[in-house]
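Asker: I have a structure I would like to understand better, so I am pasting it below and will then ask my questions one at a time.
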Amino acid sequence: MTTMDIVEKFDQQGCCIMRYMTAGQLWNIIAPREFVDFSYTTDYENGLLSCGVSVEHGESGRNCVRGFNHPCGWFCRPLEDNVNHSLLTGFIQTDLRGMLPQSVVDTAMASSLVGFYTDLRKALQM
């Protein structure tokens, strides 16, 4: 993910419209993607729950393809035996859209997820 912006906030606490951008993949064979999601985040079972789904909102950015996230969610809970660590579990179903062979999509998604967790780990260690 290269950028993540809140484009609209709602009166309901934890609700917003988010825009995410990803970089091109595989030497830009896969164009950058933009996702616009309704997001809801709340405390849940001593941790955090964040869920979302893509929505139509504004025009797609230049030089990118508007992807689509089906209903998805992230759960982050502290470990009972070590409260200094948490378990992050994500459920995602992403449609990258565009004209890509499924094998290319599978490779790009695997690479993106590994990169996401690597970047998250680095950010949390700072």
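The values are calculated or read from the model by the stated rules, or taken from the named source; none is laboratory data. Note that the structure is predicted; figures quoted are calculated from it, not measured. Neighbour counts are summed over all protein chains in view; Cβ atoms, including those assigned to glycine, are modelled from backbone coordinates with ideal geometry. Ligands, DNA and RNA are excluded from the accessible area calculation, which covers all protein heavy atoms including side chains. Shrake-Rupley method; radii C 1.70, N 1.55, O 1.52, S 1.80 Å.
Asker: What part of the accessible area of the range 58-126, given as a whole %, is carbon or sulfur when the probe is 1.4 angstrom? Present the calculation step by step, with values, prior to reporting the outcome.
Answerer: Details: 3050 of 5330 Å².
Here carbon and sulfur together make up 57 percent of the probe-accessible area.
Asker: Tell me the per residue accessible area of the chain using a 1.4 Å probe; a whole number in Å² is fine.
Answerer: Normalised by residue count, the accessible surface of the chain is 71 Å².
Asker: Might you work out the accessible area of T118 for me, using a 1.4 Å probe with all protein chains in place, and round it to the nearest 10 Å²?
Answerer: 60 Å²
Asker: On to the next question. What do you get for trypsin sites (Lys or Arg not before Pro) in the range 59-126 restricted to DSSP loop and a cutoff of at most 15 other Cβ within 10 Å of the site's Cβ? Please list the in-between numbers first.
Answerer: Details: sites: R62, R66, R97, R121, K122; in loops: R62, R97.
When the trypsin sites (Lys or Arg not before Pro) of the range 59-126 are filtered for loop state and at most 15 Cβ neighbours within 10 Å, R62, R97 remain.
Asker: While we're on this one: Grab the Cα-Cα distance for T107 and W74, subtract it from 0.36 nm times how many residues apart they are, and report the gain in nm with one decimal.
Answerer: Numbers: separation 33, 0.36 × 33 = 11.88 nm, distance 2.19 nm.
Net length gain for the segment: 9.7 nm.
Asker: Might you report the magnitude of the Cβ-based charge dipole of the range 3-97 about its Cα centre, with Lys and Arg at +1 and Asp and Glu at -1, to the nearest 20 debye? Intermediate values should be presented prior to the final figure.
Answerer: Values: 7 positive and 12 negative charges, 87 e Å.
So the dipole magnitude of the range 3-97 works out to roughly 420 debye.
Asker: Show me, bin by bin at 5 Å from 0, the whole-percent P(r) of the chain based on Cα pairs.
Answerer: Computed distribution, short to long bins: 2, 9, 17, 22, 20, 15, 9, 5, 1, 0.
Asker: Could you give the angle, 0 to 90 degrees to the nearest 10, between helix 102-125's Cα long axis and the longest principal axis of the Cα atoms of the chain?
Answerer: Computed tilt is about 40 degrees.
Asker: Provide the three semi-axes, in whole Å and in decreasing order, of the ellipsoid equivalent to the range 65-110 as defined by the square roots of 5 times the Cα gyration tensor eigenvalues. Working shown, then result.
Answerer: On the way: eigenvalues 201, 28, 8 Å².
Largest first, the range 65-110 gives 32, 12, 7 Å.
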